[in-house]
């Protein structure tokens, strides 16, 4: 793997170098080999690989190396990408293909590192903005890694282990993860998303706590942009349902409110009838009727608390 960080180090030490000149490449080789003796982290083999690369391609790929995001990808450090645009028209198709092949290992290592750190945003940028640099082989390998994560979600729901699973695998709740899937390969991941949706549907008759966790997975998954139009409609419908699972309405309170309203209506109607009768009765009878009415109100509104 070519260590681009060594080239960056040399270019900072030697300003104004022209990589198309052999003398400048010799200067880079000299300063790096001197650094090998001073810095145990720099390996002579890495220096020789870089120098051989520069002698072969000279400044052919300088347009790529000047892009900050591409440099971060090639360095394979713990660095996030930012939204940016590379002028794809500034280089030929042949140069792009050649570059992606030469740095295939660097690019793969960066992508897998970002998966391990759950940096879905940087991965979205890499595939959406710099996808032309990712070889078909790397796309296939990353697709398989992501599919294993999808299968882990399916297995956790099937085995009723999704609560413990979600504590250590928060990607299952992350909408950026599912959006990444649609950017990488929507045609491939449609089947995974449908399976997750269906297994959640089969296990939806459970406790409110469990349904809350399932709702979080389902809600985040709805940010996936499917290739299939039918799946797109299913996800749009289920997102509303998932929200209710996450934030369920208080049905008990609503039932109580409705019940109290009904009781009040009954007492009011009954009271009107009794008072109508009482108005035609003697005082003693009216008093008895009033006591009955007070007792009824007490029984309906306070005794059942």
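When residue 11 is tested against (1) modelled with pLDDT under 90; (2) under 18 Å from residue 106 (Cα atoms), just one condition goes unmet, and that condition is (2). Here the helices (runs of 4 or more DSSP H) wholly within the range 101-162 that include at least 3 residues being without any contact (Cβ under 8 Å) to a residue 40 or more places away in the chain and surrounded by fewer than 19 Cβ atoms within 10 Å (Cβ to Cβ) are 104-116, 136-158.
Here is a list: 59, 84. Which entry is at pLDDT below 90 and surrounded by 13 or more Cβ atoms within 10 Å (Cβ to Cβ)?
59
Annotation: of all residues in the range 209-218 being farther than 11 Å from residue 193 by Cα and without any contact (Cβ under 8 Å) to a residue 40 or more places away in the chain, the one that is nearest to the chain's Cα centre (by Cα) is 215. Can you name the residue in the range 163-203 that is without any contact (Cβ under 8 Å) to a residue 24 or more places away in the chain and either within 17 Å of residue 238 (Cβ to Cβ) or within 13 Å of the chain's Cα centre (by Cα) (or both) and is also surrounded by the fewest Cβ atoms within 10 Å (Cβ to Cβ) among such residues? This residue is 202.
The values are calculated or read from the model by the stated rules, or taken from the named source; none is laboratory data. Fair warning: this is a prediction, and the values are worked out from it, not measured in the lab. Don't worry about glycine lacking a Cβ; one is built from the backbone with ideal geometry, like all the others, and counts go over all protein chains shown.
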